[in-house]
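The values are calculated or read from the model by the stated rules, or taken from the named source; none is laboratory data. Note that the structure is a prediction, hence the values are computed from the model and not measured. Neighbour counts are summed over all protein chains in view; Cβ atoms, including those assigned to glycine, are modelled from backbone coordinates with ideal geometry. Ligands, DNA and RNA are stripped out before the accessible areas are found, and what is left, the full protein with its side chains, is counted by its heavy atoms. Shrake-Rupley method; radii C 1.70, N 1.55, O 1.52, S 1.80 Å.
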Amino acid sequence: RWLVSSALPRTGPPNLLRTTTHQPLRSRRRRAGCARQGRCVARCEGRSSRASGSGPGWRELLGRSCLAMGSCAVKGLKSQNIVLEHDGRRQPNQKVEDDRSGVRIGSLGNVLDQWPKAQCRASVEGCAPADGVQQKGWADKPTKKIGEESLAIFKVGFACKKGLKPESPNQDDFCIFRADGVTVIGVFDGHGPYGADVSGFVQEALPRCFVQDAVFAVDPKMAMMDAFPAAHRQCTDAQNQLNFDCSLSGTTATLAMLRDGNFYVSHVGDSRAVLARQQGAALMAEDLTEDHRPTCEGERRRIQAAGGQVRRLDGDIPHRVFLSGKMYPGLAMTRSIGDTVGVTAGVTSTPDVSSLKVQEDWRFVLICSDGIWEFITSQEAVDIVARFPQADVQKAAESLSSEAWNRWIQAEGDVVDDITVVIMWFIDD
C-alpha cells in the first residue's frame with residue numbers, strides 16, 4: 001500500500017491522485033508521509049504560495065530576519081508564484097566591507113557580489129516558473145544566469161528536470177557560483193506540500209549564509225556548519241509572513257565549495273555527492289556523503305535519544321521517523337532543513353561536513369538529487385559521465401538525467417521523481 005498522511009507525498013502515479021482507497025505501492029520509496037490507520041490518503045499536490053504582499057514589506061521583513069541571524073543575509077523568497085529581487089539598498093546597521101579574501105561581508109544581492117574584485121564570474125540558479133505556468137514532465141527548471149558563456153570554460157554542467165507528478169511543481173532546486181578560483185555548487189530536493197517553496201528559499205539562503213559567515217575566509221568548514229542551522233532558522237522565521245508552511249515540508253541540502261586546492265562538502269538528507277577518481281584506465285566512484293536515513297545505526301540512535309521513533313509500517317518500504325506514539329511526520333530521512341514537526345522527533349538541520357585536499361587522481365564530482373540515485377548506482381553515474389569529454393559536460397548532465405528518467409519509466413511506468421544533476425570537473429583533459 002501507499003501509506004501516507006496529511007504530509008502530502010512528493011510523487012505519485014496519476015491514477016492515485018485525489019483518491020482515498022487502498023492502492024498498491026507503485027514506487028519503491030515515498031519520502032514524505034505515513035499511515036493513517038484504516039485508510040490511505042494518496043494525494044500528490046505541490047501547493048504554491050498565495051502571498052498577497054500585505055503586511056510588512058518583503059525586503060523589510062527579510063532584512064529584519066537577516067539582521068537577527070547576525071551571520072548572514074538572505075536575498076529573498078523564491079516561491080512558486082513570487083520571485084523577489086533586491087533593490088541594492090543595505091539594511092540599517094549592515095556593514096559592507098572587504099575582508100582579506102576579497103569577500104564582501106553583509107551585502108545582499110547575488111552571491112557573486114561577495115567577490116566584487118573577481119575578474120571572471122558566472123552563476124546559474126533555479127527559479128520558479130512564471131505565474132500560472134504548469135510545467136510538464138521532463139521540462140527544464142527555469143533559471144537565472146550571470147556570465148553564462150563562462151560556465152563551459154569552468155567545465156560545470158547541470159540539469160534539473162520536472163518529474164511525472166501532474167499536480168506538483170518541480171521541488172528540486174540547485175545553484176552554481178564561480179568567481180575566479182572559487183566554485184560553490186548546491187543541490188536541494190524539497191518534499192511535502194510546500195517542498196518547492198522551501199527548497200527555493202533554502203537554495204538562496206544557504207549559500208548566502210555560508211559565504212557571509214564571519215569565519216568563511218579562514219575556516220570554511222565551520223562556516224558550513226553555521227550556515228545550515230542559520231538557513232533553517234530563516235526558513236522557519238519567514239514562513240508565517242511568506243505564506244508557506246514548513247511544519248511538514250522541508251528540503252535536503254548538499255553544498256560544496258572548491259577553493260585553493262581544497263574541497264569542502266556538507267549535507268543534510270540524501271542528495272548524494274560522488275567523486276570520480278582515476279584508477280588505471282578506469283574511473284572509480286567514491287561517495288563523499290552518506291545518505292541520512294533512519295536505517296543508519298548512528299542516525300537511529302540519535303532519533304531515539306531525542307524521543308523520536310523509527311518504524312517501518314506494514315505495506316510500506318522505507319523506515320520512517322515518527323514522534324513517539326504518533327503517526328506523523330513519517331519522514332524517510334533524519335536530517336533536513338524545515339520539517340519543524342520532525343525537529344521535535346530528532347530531525348536536525350546540523351550537517352555532516354568534510355574538508356578534503358584535492359588529489360591528482362580526482363577527475364570530477366557529481367551532486368544529484370535522489371531522482372538520480374533511486375535507480376542508478378554511484379559507479380553507474382560516474383561511468384555515464386565519463387563517456388563525455390570535459391568540453392561536453394552539459395551533454396553529460398543531460399545524458400545522466402535521461403538515463404535516470406528511462407529507468408524510472410521502466411520500473412514504475414508512470415511515476416518519475418524530479419531529477420537534478422550538477423557536475424564539476426577538477427582538471428583539464
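Roughly how big is segment 161-312's charge dipole about its Cα centre, with Cβ charges of +1 (Lys, Arg) and -1 (Asp, Glu), in debye to the nearest 20?
Here the size comes out at about 380 debye.
Between residue 355 and residue 143, what length in nm is gained on full extension when 0.36 nm per residue of separation is reduced by their alpha carbon distance?
73.4 nm
Any of 144/221; 155/221; 221/326; 165/221; 165/326; 117/144 with alpha carbons more than 31 Å apart? Name them for me.
Violating the 31 Å Cα-Cα cut-off are 221/326; 165/221.
Farthest toward the dipole's positive end in segment 151-264, which of 171, 248, 157, given Cβ charges of +1 (Lys, Arg) and -1 (Asp, Glu) about the Cα centre?
Going by the charge dipole, the pick is 157.
Write down the percent of antiparallel bridges among all DSSP beta bridges whose residues are both part of segment 292-429, to the nearest 5.
Beta bridges within segment 292-429, antiparallel portion: roughly 90 percent.
When the convex hull of the C-alpha atoms of segment 168-288 is computed, what volume per residue in Å³ does it have? Present the calculation step by step, with values, prior to reporting the outcome.
Details: hull volume 14.8 nm³, N = 121.
Normalising the Cα hull of segment 168-288 by residue number yields 123 Å³.
Quick one: accessible area per residue over segment 231-309, 1.4 Å probe, rounded to a whole number of Å²?
Details: 2880 Å² over 79 residues.
Accessible surface, normalised per residue, equals 37 Å².
If the only charges are +1 at each Lys and Arg Cβ and -1 at each Asp and Glu Cβ, what is the size of the charge dipole of segment 150-214 around the Cα centre, to the nearest 20 debye?
With only Lys, Arg, Asp and Glu charged at Cβ, the dipole is about 260 debye.
Given a cut-off of under 8 Å on Cα pairs at least six residues apart, what relative contact order in percent is computed for segment 117-160?
45 percent
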